[in-house]
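The values are calculated or read from the model by the stated rules, or taken from the named source; none is laboratory data. Bear in mind that the values here come from a model prediction, so they are computed numbers and not experimental data. Every residue, glycine among them, receives a Cβ derived from its backbone with ideal geometry; neighbour counts consider all protein chains shown. To get the accessible areas, we keep the full protein, side chains included, count just its heavy atoms, and leave off ligands, DNA and RNA. Shrake-Rupley method; radii C 1.70, N 1.55, O 1.52, S 1.80 Å.
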Amino acid sequence: MTPYARRGVHGQTVEALARRILGGQIPEGATLDLTALQSELDVSLTALRESLKVLAAKGMVDARQKRGTFVRNRSDWNLLDADVLRWQFHSDRTTDADRALLRNLAEVRSIIEPAAVRLAAERRTDADLAALDAAVDAMGVGGSDAAHAVEADLAFHRALLVATHNELLERMEMVIESGLAHRDRIVHSSPHSQDPVPAHRAVLDAVRARDPHAAEAAMRALLDQAGRDLDRVGGSDNDMERPSGQ
């Protein structure tokens with residue numbers, strides 16, 4: 001699925017509404033005052049309705065006769081949608097909701113990526129290795145550039161999923177990337193983060209050697225380091241127990 005693009009007024013309206021809902025400014029169950037929103041956002045009613053259709057497709061809003069347009073319960077939202085994840089992590093400020101979602105993402109990664117890297121070790125091609133090599137090399141030349149570090153990390157984990165040669169696992173990048181990018185921005189903007197190259201190089205070496213057991217162990221070690229880095233810079237609540245292997 002291609003992420004929803006920020007296209008002009010329409011795209012800005014979608015994101016403004018989504019962020020308010022995700023941030024709790026418009027709570028679950030609330031009926032939307034379309035006239036007030038139209039005036040506040042300075043958009044036409046047509047543009048507002050088209051924007052709400054996008055959110056309806058993601059399970060965030062619905063419309064009923066006599067009730068109007070309302071925010072659905074969070075349990076109905078498509079939280080695995082790449083846009084919903086991106087909208088959740090829209091600012092540099094990390095909220096309690098962001099931390100909870102990062103925690104959930106870490107658990108998802110701890111389930112998916114160790115299994116994925118086993119497949120990658122068994123199925124990788126020379127082209128896959130070249131992509132992984134390029135990502136690790138990029139990590140080593142970015143210096144203190146946080147944006148560069150984020151992109152290199154995303155490229156590595158994207159290449160690993162591609163190396164599984166399982167098209168459904170490849171699509172998991174849409175789920176992982178938004179949260180991973182937010183986590184990386186927090187960590188790589190801090191002077192306390194550790195060098196990411198050795199842990200990623202260990203994963204790559206095991207994949208290159210076609211050793212699925214070593215690849216899984218290296219990935220679990222990488223995810224554990226990722227969790228420690230996030231805790232160290234205050235990106236998660238230290239009093240919350242982090243699942244093993246994260």
| Single residue of the range 135-147 satisfying the filter (modelled with pLDDT under 85 and either in a loop (DSSP other than H, G, I, E, B) or open to solvent by 60 Å² or more (accessible area, probe 1.4 Å) (or both)) that is nearest to Ala202 (Cα to Cα) | Gly140
| field | Residue that is farthest from Ala226 (Cα to Cα) [pool: residues in the range 148-189 that are polar (S, T, N, Q) and surrounded by 17 or more Cβ atoms within 10 Å (Cβ to Cβ)] | value | Thr164
| So which pairs qualify, if the first residue must be in the range 204-221 and more than 15 Å from Ile112 (Cβ to Cβ), the second must be open to solvent by 10 Å² or more (accessible area, probe 1.4 Å) and assigned to a loop (DSSP other than H, G, I, E, B), the Cβ gap must be under 6 Å, and the two must be at least 6 apart or on different chains? | Val207/Arg124
| query | Cβ-Cβ below 8 Å, separation at least six or inter-chain, first residue in the range 112-134 and over 15 Å from His200 (Cα atoms) and part of a helix (DSSP H, G or I), second among the basic types (Lys, Arg) and open to solvent by 30 Å² or more (accessible area, probe 1.4 Å): which pairs? | reply | Glu122/Arg210
